[in-house]
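What follows is a set of notes on a single structure, which appears directly below.
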Amino acid sequence: MGSLEDARFEGELENGVGLEELEEELDAASGSGSGPEATRTIEEAVRVLLQGLGEDHEREGLRRTPLRVAKAFREGTRGYRQNVKDIVQGALFPEAGLDNGIGYAGGAGGLVVVREINLFSYCESCLLPFSVQCHVGYVPSGQRVVGLSKLSRVADVFAKRLQDPQRLSDDICAALQNSINPAGVAIALQCRHIQFPEALSCNPNPKHPCKSEMQGWVRASVCSSSGVLEVNSFWTDFLALLKFRGINLEGCSKNCFPVQSWCPSRSLEAPLCNGHSTKNPNNGKVSSKPGPTHASMVAAVTSILYSLGEDPMRKELIGTPYRYVQWLMKFKSSNLDLKMNGFNLGKLTLHKKTGDVVNSQSQIHSVLNLPFCSQCEHHLLPFHGVVHIGYFDEEEGKGIERSIFQSMVHYYGCKLQVQERLTRQIAEAVHHVFCRGVMVVVEANHICMISRGIEKGGSSTATIAVMGQFSTDPAAKALFLQTISNNTASGG
C-alpha cells in the first residue's frame, strides 16, 4: 500500500518481522515440509503474471511483490492445513447447570450466539479476497459447553480456503455439529465482494455522484442450520439475538444467493478447461483472444492452485485461473490510451462550466466523487474509492468537463499503482492545465487490509496532493476540504 522504496529496507522488517522470519513462521504454521517449495512455486508464477502485464518484476516496488503475494496466498489458505479436531479438543467444558431433565430444547441448555466475527476468504471463482461477518449460534448438549474462542477459530479454518459464501456457511455448520455434538447449530454470514472496474463507473450527472460504498461491493447474506435450530422457533430466537446488534437477516434462507450471482467474474465466459479458452468474453476493454501470453499466465495461476493444495480440475475451480488473469489484464498499462474520451493533456480546451461546485469568492472549482479501481503493485490486490479534485480558474468560469477528469482518473488508476503515487500523478496532470493551483484528495478501501497483516476490513485510506496556490494558501486548502466534508454529510 505504501510507496516506500524497497531498496532502503532490504532485509529489514515488514510488519515488524524480518522477511526470512515471516517465511519460516508461515511454513511452521502450515505443518507441512513442502512450505518453502510451495512459496517458491507461487513466486515464480507471480513473476510470469507480472511479465504478462508488461511489467519488470525487478523494478522498485515490484521486487518483493512475488514473495508478498506468495505469503498472502499461503496464509490466506492455511485452513487446508488445519484440523478442526485439534482446535476443539480439550475445549469442551462440563457445565453442571445443564440438567438433562429440564431446560431449553428438552434438556439441552440455552442458546449461545457469538456475533460479528470478522473473517476473510478467497473467492474460488476469481481468487480475490472477500470479507465476511460471521454469526455463530449453538444449543449445548451433554452437559458441556465449548470455549467461545473456538467457535471463531473453527469458522476461520474454513474461511481460510477457496470458498463461496453458501459452502463456507455449510462447512462451518457441519464442522461444529460433528466436532462438539450440540443439539443444533446456526450460522449466518454477511459477505462483501469487490465489483469489477467496469461496474464502478459513475453516473455522469454531477448532482448525483456515486459513492464507493454503494458501487464498490456485491453483498450476500447466507445461512445454514442443523438439529433443533432447523426448527422455526429456535431459528427465530437466533435472528432475534442478532437484531440486538442491528443485524436484520429476516428472509435469509439457504441457497438464497447462488454463486453465479455472487462473483462478478461469473459474467465472464469461462474456458472449458483451465489453460484453454474457447470463447472471448470481450467487454470492449481488454482483448481476451487466447495467445502465448494468456496461456502462460493461466498456466501460472493453475500452478498456484496446485501449490495451495487445491485441485484445479474441481468443478468449482474450472475457469478460475482464466478469470483471475482476466481481472489482472484490466490493469495492464498498455491497454490504456492517453487520448481516450478526448483526454490529451496538450490539447485540452476549457469550456464554460455550470456543473462544478464553485466557491464564488475564491473561484475554486470542485469536482467530487470520481470513482476509480486500481491494483496495488505490492500485493496484486485491488483498492478502490473516489477522487476529489479542486482547482483554481485560469479563465473566469472556465473548466474541464467532468468526463475528462473521469478519464484522467481512469488512466492513472487502471494499472499497478500505490495510492500515494496515484494522488500525485492526478495532481500533476491537472496542474499541467490549471497552473494556478490544484488539490487532489483520494479516499480508498484497500483489499490487502482485509486479507493480510492486520485484517482490518473497516479501514480506509485518504491521501492529499497539493500544487501551486493550494500549497501556500491554508485557507484555500481548508475551503476545499470543507466542500468535500459538506458533500459527504449531505449524502452527495
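The table below gives the values:
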| quantity | calculated |
| --- | --- |
| Top-ranked residue of the range 174-231 - restricted to ones that are of a type in the set (Ser, Thr, Tyr) and not in a strand (DSSP E or B), ranked as modelled with the lowest pLDDT | SER212 |
| Subset of the range 288-311 that is more than 30 Å from PHE158 (Cα to Cα) and open to solvent by less than 70 Å² (accessible area, probe 1.4 Å) - its residue that is modelled with the lowest pLDDT | SER288 |
| Of all residues in the range 114-146 being out of contact with any Gly (no Cβ under 6 Å at 6 or more places or on another chain) and assigned to a loop (DSSP other than H, G, I, E, B), the one that is most open to solvent (accessible area, probe 1.4 Å) | GLN143 |
| Residue in the range 468-482 that is modelled with pLDDT of 90 or more, outside any helix (DSSP H, G or I) and open to solvent by less than 20 Å² (accessible area, probe 1.4 Å) present | no |
| Counted residues, the range 145-164 - those being more than 16 Å from LYS85 (Cβ to Cβ) and not polar (S, T, N, Q) | 7 |
| Residue ID - modelled with the highest pLDDT, chosen from residues in the range 437-466 that are touching a helix residue (DSSP H, G or I) at 6+ places or on another chain (Cβ under 6 Å) and assigned to a loop (DSSP other than H, G, I, E, B) | SER459 |
| When residues of the range 403-422 are limited to those that are out of contact with any strand residue (DSSP E or B) (no Cβ under 6 Å at 6 or more places or on another chain) and either over 16 Å from ALA444 (Cβ atoms) or not assigned by TED's automatic domain parsing to the domain that holds ILE364 (or both), the one surrounded by the fewest Cβ atoms within 10 Å (Cβ to Cβ) | SER403 |
| Selection count where residues are open to solvent by less than 10 Å² (accessible area, probe 1.4 Å) and touching a residue at least 40 places away in the same chain (Cβ under 8 Å), scope the range 147-172 | 10 |
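Quick grid of which residues meet (1) more than 16 Å from ARG78 (Cα to Cα); (2) assigned to a loop (DSSP other than H, G, I, E, B); (3) at pLDDT below 50:
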| site | (1), (2), (3) |
| --- | --- |
| LEU22 | no, no, yes |
| ALA29 | no, no, yes |
| PRO36 | no, no, no |
| ILE42 | no, no, no |
| VAL46 | yes, no, no |
| LEU50 | yes, no, no |
| HIS57 | yes, yes, no |
| GLY61 | yes, yes, no |
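The values are calculated or read from the model by the stated rules, or taken from the named source; none is laboratory data. Keep in mind it's a predicted model, so treat the numbers as computed, not measured. With ideal geometry, Cβ positions are generated from the backbone for all residues, glycine too; neighbour counts draw on all protein chains shown. The accessibility values were calculated without ligands, DNA or RNA, using every heavy atom of the protein model including side chains. Shrake-Rupley method; radii C 1.70, N 1.55, O 1.52, S 1.80 Å.
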